[in-house]
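J.: Got a structure here, written out as structure tokens. Questions coming.
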Amino acid sequence: MAGEILEQGVVRTVSRPGKAHRHAARQCLHGLGKVDANVGGAGWWIGQEAEIRFPGGRLLVPALAGFRVERVPELPDENPLTILPDWCCEVLSPRTARDDVAVKLPLYARSGVTWIWLVDPRRRWIEVFEAVDHQPALTAVATEDARVALPPFGEEMAVGPFWLPAPADDEGGER
């Protein structure tokens with residue numbers, strides 16, 4: 001069980017992520033290895049499920065968060081982190097999708113997170129938002145088996161490995 005404070009004084013508890021969510025987050029982290037300084041890449045610190053303190057007493061736990069090395073030469077050893085990330089990634093699940101889209105996406109943009117990804121394992125797509133005037137603006141979408149360089153990273157990666165195989169009895173219905 002984990003908790004987030006999406007509005008002051010209200011703790012939202014969420015159960016641990018399901019299989020599709022964990023798989024998508026792990027594959028996203030793997031796909032960003034070329035830029036992740038934690039594993040020998042260059043340019044970014046990429047963290048998984050870090051607690052991050054946001055303005056207004058909010059505490060959020062994005063699936064993934066990235067900090068530009070040029071801005072944050074070394075991540076502090078603190079919990080929660082008080083440095084806002086440059087990039088956040090939320091992997092949508094049926095239990096959290098509504099808050100991830102309606103609450104967290106605009107909160108990230110208002111707070112100064114420049115780039116936000118929403119990864120949807122059910123629909124098999126990634127939406128990329130850029131904060132423009134503190135509002136999230138959709139700038140790119142990658143679907144199913146695309147091979148793309150998504151902002152802000154610029155490194156091409158395959159999106160197909162993000163998704164678990166479709167069940168054998170799935171005849172093209174909505175996932």
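J.: Hey, with R₀ at 25 Å, roughly what FRET efficiency would residue 155 and residue 83 work out to, going by the Cβ-Cβ distance, to 0.05?
T.: 0.60
J.: Would you mind getting the Kirkwood hydrodynamic radius of segment 70-116 from its Cα pairs, rounded to one decimal in Å?
T.: For segment 70-116, inverting the mean 1/r across all distinct Cα pairs yields 12.1 Å.
J.: Further question: Using only DSSP helix segments of four residues or longer, with each worth -39500 (n - 2.57), what per-residue ellipticity at 222 nm results for the chain after dividing by its residue count and rounding to 500?
T.: Computed mean residue ellipticity for the chain: -3500 deg cm²/dmol.
J.: With +1 assigned to the C-beta of every Lys and Arg and -1 to the C-beta of every Asp and Glu, and no other charges, what is the dipole magnitude of the chain about the Cα centre in debye, to the nearest 20?
T.: 300
J.: Cα convex hull of segment 40-97: mean projected area in nm², to one decimal?
T.: 4.6
J.: Only bridges whose two residues both fall in the chain count here: according to DSSP, what percent of them are antiparallel, nearest 5?
T.: Of all bridge pairs located within the chain, approximately 85 percent are antiparallel.
J.: Considering the convex hull of the alpha carbon atoms of segment 19-162, report its projected area averaged over all viewing directions, in nm², one decimal.
T.: 8.1
J.: How would 88, 28 line up from fewest to most surrounding beta-carbon atoms within 10 angstrom?
T.: 28, 88
J.: Longest exposed-loop-site-free stretch of the chain, with GluC sites (Glu not before Pro), DSSP loop and at most 12 other Cβ within 10 Å?
T.: In the chain, the maximal stretch lacking such sites is 1-69.
J.: Another one. Quick one: which residues, 5+ away or cross-chain, put their amide H under 5 Å from the amide H of residue 35? H built at 1.01 Å from N.
T.: It is 42, by chain and number.
J.: Can you sort 147, 58, 122 by how many other beta carbons sit within 10 Å, fewest first?
T.: In order of increasing Cβ crowding within 10 Å: 147, 122, 58.
J.: Can you give me the distance in nm between label points at residue 22 and residue 135, each placed 7 Å from the Cα along the Cα-to-Cβ direction?
T.: With each label point 7 Å from Cα toward Cβ, the separation is 4.0 nm.
J.: So if each residue of separation counts as 0.36 nm, and I subtract the Cα-Cα distance between residue 145 and residue 34, what length gain in nm does that give?
T.: Contour length minus the Cα-Cα distance gives 38.0 nm.
J.: Could you work out the relative contact order of the chain, using alpha carbon pairs under 8 angstrom and six or more residues apart, expressed as a whole percent?
T.: Here the relative contact order equals 17 percent.
Rule-based calculations on the coordinates, nothing more; no lab input. As the structure is a prediction and not an experimental result, all values here were calculated from the model. Every residue, glycine as well, gets a Cβ built from its backbone with ideal geometry; the counts of neighbours run over all protein chains shown.
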